[in-house]
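J.: What follows is a structure written as structure tokens; I'll ask about it next.
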Amino acid sequence: MNKQLIKQLESLGALKTGHFLLTSGLHSAQYMQCAAVFEHPRQAEQIVKQLVALLNYKIDTVVAPAIGGITLGYELAKALDCRFIFAERENGVMTLRRGFTLSANEQVLVVEDVVTTGGSVREVIKIVEDHDCTVQAVAALVDRSKGQVDFDMPFHALLKLDIEVYQPDQCPLCQADLPLVKPGSRQI
Ligand code: ZN
């Protein structure tokens with residue numbers, strides 16, 4: 001566990017400790033809001049550099065799923081000196097819009113802010129492969145999959161975070177009478 005990185009994330013308000021009500025109805029003692037990292041671009045740049053250091057690929061294009069992956073993907077593409085595009089849902093289907101395209105045989109890095117089930121990442125991998133391009137690797141700031149996700153290719157995450165969740169009637173934080181907080185728009 002990268003203690004310095006955790007401190008950085010806490011100071012940015014991206015990683016909070018307390019007693020949280022998640023949209024799933026479950027409770028947790030930790031809450032991660034990746035968007036808070038990019039609220040401060042200079043500090044985000046420093047954090048992204050740590051992720052770049054894990055990547056040793058010749059990449060033509062970074063592709064990220066909207067919305068979560070966009071700012072991280074943009075920063076990574078800048079650091080890797082390559083192209084950046086994003087995919088987004090149209091009628092529920094992940095697709096390239098806005099004139100974004102991939103040419104055959106491009107070497108691609110797929111980027112997401114937080115990987116939990118890996119669903120969006122898989123959809124983006126499929127888009128890339130449908131364009132006859134190669135996904136070299138997947139990169140994320142946070143891996144919350146508890147080692148459950150296998151993309152069948154290298155997966156680099158700066159931080160592995162296992163956030164325990166509790167059923168309300170079995171929550172030790174409720175039993176300790178800690179006030180319950182409902183955080184922002186997106187719980188992960
Ligand atoms: Zn609770």
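J.: From the list V142, V165, V135, exactly one residue is away from the ligand (no atom under 16 Å from the Cβ) and either surrounded by fewer than 15 Cβ atoms within 10 Å (Cβ to Cβ) or under 25 Å from E10 (Cα atoms) (or both). Which is it? First the steps, then the outcome.
T.: Numbers: V165 fails: away from the ligand (no atom under 16 Å from the Cβ); V135 fails: either surrounded by fewer than 15 Cβ atoms within 10 Å (Cβ to Cβ) or under 25 Å from E10 (Cα atoms) (or both).
Answer to the selection: V142.
J.: Residues V149, V128: which one is crowded, with 19+ Cβ neighbours inside 10 Å, more than 14 Å from the chain's Cα centre (by Cα) and either closer than 23 Å to L5 by Cα or away from the ligand (no atom under 16 Å from the Cβ) (or both)? Before you say what the answer is, go through the steps one by one.
T.: Working: V149 fails: more than 14 Å from the chain's Cα centre (by Cα).
Of the residues listed, the single one that is crowded, with 19+ Cβ neighbours inside 10 Å, more than 14 Å from the chain's Cα centre (by Cα) and either closer than 23 Å to L5 by Cα or away from the ligand (no atom under 16 Å from the Cβ) (or both) is V128.
J.: Residues that are surrounded by fewer than 17 Cβ atoms within 10 Å (Cβ to Cβ), at least 2 per element: which strands (runs of 3 or more DSSP E) completely within segment 1-105 meet that?
T.: Working: elements: 15-21, 27-32, 61-65, 83-90, 93-96.
Counting at least 2 such residues, we get 15-21, 83-90, 93-96.
No value in this document is a laboratory result; all are computed from the given coordinates. Keep in mind that this is a model prediction, so the values were computed, not measured. Glycine gets a Cβ as well: all are built from the backbone with ideal geometry, and neighbour counts include every protein chain shown.
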